[in-house]
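Reviewing the structure listed below.
The values are calculated or read from the model by the stated rules, or taken from the named source; none is laboratory data. The shown structure was predicted, so the numbers you read here are calculated from the model rather than taken from an experiment. Heads up, the Cβs are rebuilt from the backbone with ideal geometry, glycines too, and the neighbour counts pull from every protein chain shown. Remember, those area values only see protein heavy atoms, side chains included, never the ligands or the DNA or RNA. Shrake-Rupley method; radii C 1.70, N 1.55, O 1.52, S 1.80 Å.
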Amino acid sequence: MSKELVKAMQVLEEEKGISRQVIKEALESALALAYKKNYDQAQNVEVQFDENKGTIKVYSVKEVVETNYDSTLEISLEEALKINRAYEIGDKIKFEVTPKDFGRIATQTAKHVIMQRIREAERENIFEEFSQYVDEIMTGTVERQDHRFIYVNIGRVEAIMPLGEQIPSEQFEPDQRIKVYVAKVDKTSKGPQIVVSRAHNDFLRRLFEQEVPEIYDGTVEVMAIAREAGDRAKVAVRSRDKNIDPVGTCVGPRGQRVQAIVNELNGENMDIIEWNEDPVVFIQNALSPAQVIKVDFNEEAHACIVVVPDNQLSLAIGKRGQNARLAARLTTYKIDIKSESSYADYLEEQAALALEAQAAAEAAQDQDSTDDSVVEARDQAVEAEEAVLEAEPASDQ
């Protein structure tokens with residue numbers, strides 16, 4: 001058995017990359033526990049596995065003490081000196097206690113330890129391998145689906161796609177090949193758990209990198225993405241080269257590049273806009289296809305009022321408010337869209353409120369002046385009364 005064990009350790013080291021020393025230490029520790037359990041021993045036990053001789057021996061380790069109170073853990077100095085005159089108090093002495101039938105237990109334990117180490121090594125290898133693919137796109141095969149996950153085979157492991165990472169409108173068949181974005185790789189008690197996504201914003205970013213060489217090489221940069229997966233997305237891009245149109249580059253000849261992305265996402269509408277460091281221009285672009293007349297900012301609240309022509313209010317807001325909502329996410333500003341006529345009414349209301357506030361402030365100022373006069377008169381009356389009181393004792397005399 002021991003020779004077979006040595007050979008198995010050698011194979012594991014070569015094929016699985018598991019160090020023989022690691023297996024040896026794990027085996028010796030497991031055998032010590034197995035000895036205590038099977039032979040009902042609570043003493044200090046040490047197991048030694050000799051790779052060269054292929055032998056396994058169990059030792060009881062006892063400490064040299066002046067007076068022996070626990071013979072399972074201690075040996076008196078007097079008894080120790082009978083074994084070797086060099087022993088001193090505090091030394092450790094090993095006594096072989098290997099049972100005759102320990103080979104059977106050792107075989108079972110060795111198999112268990114090796115299998116456990118193989119599983120741990122495979123899990124670690126999978127974790128290390130797929131950790132390199134986080135934030136990247138992989139192609140996998142749909143295996144099955146339940147009420148929580150879509151399970152996707154991406155090689156040596158089955159990844160999960162939670163509901164929140166799925167595009168609601170998509171339906172897949174078993175064995176269908178799909179592209180997925182590796183969102184994260186976690187270590188769990190059951191091994192590495194790989195979470196993939198098709199709804200993640202960066203999935204769309206990676207698709208653009210695959211379809212647009214100028215984005216891949218950095219000439220054109222994706223600055224921001226706002227997306228309602230499966231329905232519509234807005235992508236803000238800019239060019240580092242003045243001679244390259246970032247929007248036209250992403251759209252491609254006859255729309256081929258962006259159409260390839262739309263097809264991959266099963267018809268998700270795509271608005272590609274030009275990013276601008278001027279927030280006014282950026283917000284105007286973000287609300288495309290609606291025309292913007294004016295952008296009125298409130299920087300403290302990181303918000304703005306956007307004025308559009310009366311006949312384009314519904315276009316600017318979009319179906320169920322989607323256009324305005326995506327523009328707000330893209331620009332990070334809270335956007336309140338008003339038609340030109342309603343904005344005029346809004347300005348009148350603000351002017352009226354300002355006048356009311358001014359009148360209230362003036363009234364309060366007048367009241368403060370009146371209050372000051374009353375206080376001054378009261379102070380004078382008090383001073384006069386005090387003067388009378390001070391004069392009364394003099395008249396009594």
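Checking each residue in segment 73-97 for being exposed (fewer than 11 other Cβ atoms within 10 Å of the Cβ) and either closer than 20 Å to Q41 by Cα or among the aromatic types (F, W, Y) (or both) picks out only E96. Determine if segment 291-310 includes at least one residue that is assigned to a helix (DSSP H, G or I) and touching a helix residue (DSSP H, G or I) at 6+ places or on another chain (Cβ under 7 Å). Within segment 291-310, one or more residues are assigned to a helix (DSSP H, G or I) and touching a helix residue (DSSP H, G or I) at 6+ places or on another chain (Cβ under 7 Å).
The residues in segment 298-327 that are surrounded by 15 or more Cβ atoms within 10 Å (Cβ to Cβ) and under 21 Å from D345 (Cβ atoms) can be counted, and the count is 12.
For D50, the conditions (1) closer than 27 Å to T107 by Cα; (2) surrounded by fewer than 17 Cβ atoms within 10 Å (Cβ to Cβ); (3) touching a residue at least 24 places away in the same chain (Cβ under 8 Å); (4) touching a strand residue (DSSP E or B) at 6+ places or on another chain (Cβ under 9 Å) all hold with the exception of (3).
Checked against the criterion of being modelled with pLDDT under 95 and open to solvent by 70 Å² or more (accessible area, probe 1.4 Å), segment 220-231 has no qualifying residue.
Among the residues of segment 33-47, those identified as outside any helix (DSSP H, G or I) and open to solvent by less than 50 Å² (accessible area, probe 1.4 Å) are Q43, V45, V47.
Listed by position, the strands (runs of 3 or more DSSP E) inside segment 162-272 whose residues that are more than 18 Å from G140 (Cβ to Cβ) and under 29 Å from the mean Cα position of the chain (by Cα) number at least 3 are 220-228, 232-239.
Restricting segment 46-72 to residues that are out of contact with any Lys or Arg (no Cβ under 6 Å at 6 or more places or on another chain) and of a type in the set (A, V, I, L, M), the residue that is modelled with the lowest pLDDT is I56. Criterion first (outside the structural domain of T332 (by the TED database), buried (at least 17 other Cβ atoms within 10 Å of the Cβ) and among the acidic types (D, E)) does E173 satisfy it? The answer is no for E173. So, in segment 116-170, of the ones that are among the small types (G, A, S) and surrounded by fewer than 16 Cβ atoms within 10 Å (Cβ to Cβ), which residue ends up farthest from I194 (Cα to Cα)? Selected residue: S169. Listed by first and then second residue, the pairs linking a residue in segment 191-210 that is at positive phi to a residue that is surrounded by fewer than 20 Cβ atoms within 10 Å (Cβ to Cβ) and at pLDDT below 95, with Cβ atoms under 6 Å apart and 6 or more places separating them unless they lie on different chains, are G191/R123. The residues of segment 176-191 that are surrounded by 14 or more Cβ atoms within 10 Å (Cβ to Cβ), out of contact with any Gly (no Cβ under 7 Å at 6 or more places or on another chain) and closer than 23 Å to E228 by Cα, listed by number, are K179, Y181, V182, A183. Counting only residues that are of a type in the set (A, V, I, L, M, F, W, C) and open to solvent by less than 20 Å² (accessible area, probe 1.4 Å), which one in segment 232-257 is farthest from N276 (Cα to Cα)? Filtering first and then ranking leaves A233.
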